[in-house]
1. Name the one entry in A291, A271, A314 that is under 17 Å from E340 (Cα atoms), modelled with pLDDT of 95 or more, hydrophobic (A, V, I, L, M, F, W, C) and in contact with a Phe, Trp or Tyr (Cβ under 6 Å, 6 or more places away or on another chain).
2. Please go through the stretch 88-147 and pick out each residue that is aromatic (F, W, Y) and touching a residue at least 60 places away in the same chain (Cβ under 8 Å).
3. Any chance you could count how many residues in the stretch 162-220 are within 23 Å of A135 (Cα to Cα), free of Cβ contacts under 8 Å to residues at least 60 places away in the same chain and in a loop (DSSP other than H, G, I, E, B)?
4. Quick check on my filter: what residues within the stretch 84-111 are within 28 Å of the chain's Cα centre (by Cα), surrounded by fewer than 23 Cβ atoms within 10 Å (Cβ to Cβ) and among the hydroxyl-bearing types (S, T, Y)?
5. Can you pull out the residues in the stretch 195-254 that are closer than 21 Å to K177 by Cβ, of a type in the set (D, E) and open to solvent by 40 Å² or more (accessible area, probe 1.4 Å)?
6. Filter the stretch 312-350 down to the residues that are assigned to a helix (DSSP H, G or I), within 14 Å of A291 (Cα to Cα) and basic (K, R) and list them by number.
7. Among the residues of the stretch 259-279, are any farther than 21 Å from Q240 by Cα, of a type outside the set (D, E) and open to solvent by 50 Å² or more (accessible area, probe 1.4 Å)?
8. I need a count of the residues in the stretch 319-341 that are surrounded by 14 or more Cβ atoms within 10 Å (Cβ to Cβ) and aliphatic (A, V, I, L, M).
Amino acid sequence: MKILRPISTLVCCLMWTASAAAQTSPPPSGAETPAAASKPAAKPKAKPPAAPKKPAATPGPNATETHAPAPDDPNVDLVFGAYQRGQYKTAFNLAIKRAEGGDPKAMTMLGELYANEMGVKRDYAKAADWYRRAADGGDREGMFALAMLRLAGRGGPVNREEAVRLLASSAKLGNPKASYNLALLYLDGQTLPQDVKRAAELLRVAADAGNPEAQYALATFYKEGTGVEKNIEKAVRLLQAASLADNVDAEVEYAIALYNGTGTPKNEAAAVALLRKAARQNSPIAQNRLARVLVNGLGTPMDKIEGLKWHIVAKTAGRGDPMLDEALAELSPEDRAKVEAAARRWLGTK
């Protein structure tokens, strides 16, 4: 009996992020509980803001936070090294000298420091100015960061047309984050005409470059046949790749595929291990699924105390489950106390 079933499509939960190093993991999509029937998969309804989630119209509050560019230019090694060590004032002092000498990557670093209040007071106008200079100097990270500021209306008015141009230029220079976020705009259908095939092409570029959010999004496209020919095996391979990069939602969906043997050989032990990992990363869906397999001893030794601990944790995050409520109610007072104590320890409450 297949206890775990696939989660609904990701495209109904695409969101933006402006991290110049990697997008944040997407929030869990609304999957059904393991023994429940699958909900109909949602078709792409894009609206941009922060990594996999229905792209919303404006980027979220963290949409302009970026991570400094990797030092592929040896001239910025010292700057980047100081940044990585958290020595932001040192990074600023080194970067300003490089930037005044025309180093575009140092300019992007200055934009990063100003945008995120690292070693200097936050100043989006100065961040946008430095990102602009970096973009004019051909730095793809500067282009991407400035595009995200333009979408958020920080450091200047919202300018979606300019943002699109900057994302396109950054994508042409091989920036997978730019390709990913440009794909979201094609899904959005507001800034650009909605074009799911073009979105799929851009997601493929970003996925091939190792972007885990793009891998997760493209996996959903293949699973649903959105913009590409439906192909469960390709979807599962992409989920596997994204899960290896610690994309929590991909871990959950790949675990489900492994548990059911959908598009990949069945491996319940590996599935449960992935659910444990995702549960510890605070995925309510993973916590719920893990609770179910532990309480029922499905693919793993039965452990009602541990399983119902995860049920309480998931329920606290809004992931209720009537069947598990019943199991909790059937425990002896002693075991119920153990469950509640374990849940409190995890949640950090007394």
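1. Selected residue: A291, the only one of A291, A271, A314 that is under 17 Å from E340 (Cα atoms), modelled with pLDDT of 95 or more, hydrophobic (A, V, I, L, M, F, W, C) and in contact with a Phe, Trp or Tyr (Cβ under 6 Å, 6 or more places away or on another chain).
2. Once the filter is applied, which keeps residues that are aromatic (F, W, Y) and touching a residue at least 60 places away in the same chain (Cβ under 8 Å), the stretch 88-147 yields Y124, F144.
3. The number of residues fulfilling the criteria is 5.
4. If the condition is that a residue be within 28 Å of the chain's Cα centre (by Cα), surrounded by fewer than 23 Cβ atoms within 10 Å (Cβ to Cβ) and among the hydroxyl-bearing types (S, T, Y), then Y88 is the only one that fits.
5. D195, E201, D208, D246
6. K315
7. Taking every residue of the stretch 259-279 in turn, none turns out to be farther than 21 Å from Q240 by Cα, of a type outside the set (D, E) and open to solvent by 50 Å² or more (accessible area, probe 1.4 Å).
8. 6
The values are calculated or read from the model by the stated rules, or taken from the named source; none is laboratory data. Just so it is clear, the structure is predicted and the values come from calculations on it, not from any experiment. Note that each Cβ is placed from the backbone with ideal geometry, even for glycine, and that neighbours are counted across all protein chains shown. These area figures cover heavy atoms from the full protein model, side chains too; ligands, DNA and RNA do not enter into them. Shrake-Rupley method; radii C 1.70, N 1.55, O 1.52, S 1.80 Å.
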